[in-house]
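To keep things clear, I will list the structure first and then write my remarks on it.
The values are calculated or read from the model by the stated rules, or taken from the named source; none is laboratory data. This is a predicted model, so every value here is computed, not measured. With ideal geometry, Cβ positions are generated from the backbone for all residues, glycine too; neighbour counts draw on all protein chains shown.
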Amino acid sequence: MIDSKIMETTKSILKNFGNTYFSDKGTLKRNKVIEDLDAYTPMLMKVLLANQLIHDTYTESIVVENKSVDIFKLNQFIEMFTYKAYWQDSYTVLSFMLLVILEISAI
């Protein structure tokens, strides 16, 4: 499956953490990434938000007491990992394909 530019960028950043977010076989440990994001792990958050693409895509500026504050859209960022895992599940893909075929044949 082809990764999006944002996923490629994220994986590149996560590789700097050694085997924390990748298995010995090079598979991304999605649950570990999500767990550390949910915990707002400081080093992870710092390197992710320092990346211009991630920052521009997943932050929103709001004004609080006349000061601009960037808010990280954490849930949207995490969805990138959960949906990717969901669609890679062969049963999910097969079920979706069968549903599409059934809908087309019903027309």
Note to self: Is it the case, given these coordinates, that Ser4 is hydroxyl-bearing (Ser, Thr, Tyr), surrounded by fewer than 15 Cβ atoms within 10 Å (Cβ to Cβ) and over 16 Å from the mean Cα position of the chain (by Cα)?
What the structure shows: no
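Yes/no matrix, rows are residues, columns are (1) assigned to a loop (DSSP other than H, G, I, E, B); (2) buried (at least 16 other Cβ atoms within 10 Å of the Cβ); (3) touching a residue at least 24 places away in the same chain (Cβ under 8 Å):
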| residue | (1), (2), (3) |
| --- | --- |
| Thr9 | no, yes, yes |
| Lys15 | no, no, no |
| Gly18 | no, no, no |
| Lys25 | yes, no, no |
| Glu35 | no, no, no |
| Met45 | no, no, yes |
Item checked: Residues that are at pLDDT 90 or above, basic (Lys, Arg) and under 14 Å from the mean Cα position of the chain (by Cα), drawn from the stretch 62-92 -> Lys73
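What number of residues within the stretch 47-63 are part of a loop (DSSP other than H, G, I, E, B) and loosely packed, with under 11 Cβ neighbours inside 10 Å? Explain how you work it out, then say what you get.
Step one: of the stretch 47-63, the residues part of a loop (DSSP other than H, G, I, E, B) are 51.
Filter again for loosely packed, with under 11 Cβ neighbours inside 10 Å, leaving none.
Looking only at that region, the number is 0.
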Note to self: Can you tell me which residue is nearest to Thr82 (Cα to Cα) among those in the stretch 7-61 that are touching an Asp or Glu at 6+ places or on another chain (Cβ under 7 Å) and of a type in the set (S, T, N, Q)?
What the structure shows: Thr59
